[in-house]
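The values are calculated or read from the model by the stated rules, or taken from the named source; none is laboratory data. Worth saying up front: this structure is predicted, and the values here are computed from it rather than measured. No Cβ is skipped: glycine too gets one built from the backbone with ideal geometry, and neighbour counts run over all protein chains shown. Areas reflect the complete protein model, heavy atoms only, side chains present, ligands, DNA and RNA absent. Shrake-Rupley method; radii C 1.70, N 1.55, O 1.52, S 1.80 Å.
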Amino acid sequence: MTLLHDLRHGFRLLMRSPAFTIVAVAALAIGIAANTAIFSVINTLLLKRLPYEDPDRLAVIWERNIPRDRKTNPVGPANYMHWRDANQVFTDIAALTQTFNRTLTGAGEPEEIPAQFVARQFFAILGVQPALGRTFTEEEGQPGHSAVIISDRLWKRRFNGDPSILQQPIMLLGQPYLVVGVMPPGFSFLDKTVDLWSPLTFTAQSRIPRGRGIVVVGRLKPDVTFARAQEDMTRVHAELTRMFPEFDTGWTANVVPLREQLTGDVRPALFVLLGAVVFVLLIACANVANLLLARATARQRELAVRSALGAGRGRLVRQLLAESLLLAAAGGATGLLLAWWALRFLRLVVAARLPIQRLELVGLDPPVLIFTLGVSLLSGLIFGIVPALTSSADSLTNALKEGGRTGSAARGNRTRSTFVVVEIALALVLLVGAGLLMRSFRQLLDVDPGFKTANTVTMRVSLPPSRYPANPNYIQFYERLFTRIDALPGVQAAGATSTLPLIGLGSATSFIVVDKPKPPMGQEPVADVRVITHDYLKAMGIPLLKGRLFNEHDPADAKDRVVVNETLAHKYWPGQDALGKRMRISWDDNRDDEIIGIVGDAKHAGLDVQARPTTYWPYARNVYGSMTIAIRTAGDPSAVVNAVTGLIHDQDAQLAVADVKTMDEVVANSLAERRLLMLLLTIFASAALMLAAVGIYGVIAYSVTQRTQEIGIRMALGAQQQDVLRMIVGHAVMLAVVGMAIGSAVALLLTRLMTGLLYATAPTDPATFLAVATVLGAVAVLASYLPGRRATRVDPVIALRSE
């Protein structure tokens, strides 16, 4: 009953001071909302159980290239088959391909469906069964069968959730495929966009080592640790190296826990954001504590009367803490609403643009609600305990005798000043972090990608082998298409490539420099492979530096000729002209290729990754079913999209035109995760700066109120207005300097944790620290100027009369 009485009394007091209550609740809501939203993301990505059976026993197994330290390289089918036979640590392992696209036709417009080929035992290893139908049978796991499993998303969107889809054929790549199952809502593995799974089959020829292009998932035996699994897979791969030294020397296996695989790239950014929102909440708590201190000082006589009437110090502390907890509860409820809105935006808008697994599942589930409740209560104690203890000090009796002017006011001023110093220090750390990310992002935007993004649009087209059974059919399709595209008004150049820059995919292979000593086994140089057709390089604005490009005079099979980038030419023929030099590429038939042209470097892996040695091959040499078209125009590139789509459908009405993007959009998408991190940290830092400014203003304004008589006396004794203003602003600047000094020391330590998130920017970048200090100093001056101006208007006569 006593607690209930305290809460009721506190509620009435807070309602009598609506301005104070609104400001305090708003400050808390900002901090609690930020913490709730970020914890929801962390809970979903790092803490919540993955939607598989006993997910902590699942691992993704890659091949690791030791000389190049590539830890997550795709696996060779032959190696996978040997792994499956020889390992002693997994109950089973299954292979799957990385995502590719299959054209779906039939009812509705043709569209490309993201798909994976998976081994028959894939679903059993994950412990997930279809919500409708079944998984693949052993017979369907053999070559020649055409069964598929579709996602719940595709089932509902394309087939209206019709259960009769089971055992009904759908048209993929121009051929009928039987739907045998529909997966549960939200099911995915490694790529959340996948909507279709087909059986992955191997033959006896698959045991011959050649190429690397699959991913492997395995389930650990009950008594096996990940460390033990890594040891065993290292042993197994060592056997492979002895069996196939030319293929496996310099390689080993790499066992990665599934959760680490899914969150490894985003984990550092999440921890940075978690630290940021904790700082924002601490600043909010310091602000509310200052407000409570000021309010408690104004209530000294009231508290003294209650003490004189018999209320002990514990009783007063309890009453003041009850008011703090009410504020915290109101702040928590308001913060929950703000967090709900932020998470809804994150789920519906941001998650669709980022490849982060399970980001679309963030929300206010029970663990998040419990976290918010705990944060609210803890915040109430943090910002309430110091004002409660200070205001209930033993000097209350003296306050009653002396009209409220006691040493408690001085103690309160010191405490409030300490809070402001803490706010400024925390704000500086956040602002430095945001500033470093902004500077890093600016550096990335200034990177020359090696191609021109303006006025270039791209789109992907996949030709089904059922209607294009031989290489000449593919070649003729594109020859006719580009002849017609070139004739469109405004088109300056057009071509196609097997892999567009900055989309995270690509092929690579080893090669040997002819007429140079053969490198040790396993240390052969590696080059990216890009298959191109027509005027692709011109359409992308990749310059020809020396020599020539492919033309109609090259051999019909387009072999024995290759174009390389500048990095490859300089690295393997330093100080020489690489034109006319020969290289033997380990891809198709190991024939020597003559370098006929050298082009500029284009960033394919990322703007923050150095251009890798790259070879460009003509389309006739290695035909791809799926190619990305690039078109450069004189004006707005989107204006030709409909015309090009019409030309494609005119040649084949069953083709899907997919992933239409300008190159500006491609570049922007490649930076989306960095941009989101920068924006979030900037928002949190701005909130911290605003709260720090409010804190400075509040402390200085209250200080002016408390020192009215002192200021009046100073002015009566001859002090000028500018002297008073200088004194008030100087006090704020002094607090800011102390806070910035402490914050700088903390920032120098913490920003080192951001090294992996920065590009061409040192975590101790002096320019960023100086800019942040300047901003904070300016904020301190501005926040104290208004109270200072008010102090200069104090009438000495009125001030002395009130004394």
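Observations on the model:
- Local charge for ILE595 was computed over the other residues whose Cβ lies under 10 Å away, with Lys and Arg +1 and Asp and Glu -1, and equals +1.
- The packing ranking of peptides 501-511, 575-585, 734-744, 684-694, highest mean first, is 684-694, 734-744, 501-511, 575-585, where packing means the average number of other beta carbon atoms within 10 angstrom of each residue.
- For the set HIS570, HIS82, HIS553, the ranking by accessible area, highest first and with no ligand, DNA or RNA atoms included, is HIS553, HIS570, HIS82 under a 1.4 Å probe.
- Available extension along the chain between ALA470 and LYS516 is 12.8 nm, counting 0.36 nm per residue and deducting the alpha carbon span.
- Pairs of Cα atoms farther than 54 Å apart, the chain, %: 29 percent
- The packing ranking, built from the mean of other Cβ atoms within 10 Å per residue, places the peptides 363-371, 432-440 in the order 432-440, 363-371, highest first.
- Residue-count net charge about THR91 - beta-carbon cut-off 9 Å; Lys, Arg +1, Asp, Glu -1: +2
- Cβ-placed point charges (K, R +1; D, E -1), dipole of the chain about Cα centre in debye, nearest 20: 3220 debye
- Solvent-accessible surface of protein heavy atoms, probed at 1.4 angstrom with all chains present, puts TYR52, TYR624 in the order TYR624, TYR52, largest first.
- R0 of 25 Å, Cβ-Cβ distance GLU665-ASP608: FRET efficiency to nearest 0.05: 0.85
- For a straight C-alpha distance cut-off of 16 angstrom, the lysines reachable from LYS661 (same-chain residues fewer than eight places away being disregarded) are LYS452.
- Rounded accessible area per residue of the chain, 1.4 Å, Å²: 44 Å²
- Computed [θ] at 222 nm, deg cm²/dmol, the chain (DSSP H ≥ 4; -39,500 (n - 2.57); rounded to nearest 500): -16000 deg cm²/dmol
- Peptide ranges 131-140, 250-259 listed from the most packed, as the mean C-beta count within 10 angstrom indicates: 250-259, 131-140
- Formal net charge of residues neighbouring LYS518 (Cβ-Cβ distance under 15 Å; K, R +1; D, E -1): -1
- When the convex hull of its Cα atoms is projected in every direction, mean area for region 414-572 (nm²): 18.4 nm²
- Furthest towards positive pole of dipole, LEU748, CYS285, LEU14, structure part the chain, Cβ charges: LEU14
- Fraction of C-alpha pairs exceeding 21 angstrom in region 632-753: 68 percent, rounded to a whole number.
- Accessible surface of the chain [probe 1.4 Å, protein heavy atoms]: carbon and sulfur percent: 59 percent
- Each listed q (0.14, 0.19, 0.21 Å⁻¹) maps to a log10 I(q)/I(0) for region 173-262, found by the Debye formula over equal Cα scatterers with no solvent: -0.80, -1.15, -1.22.
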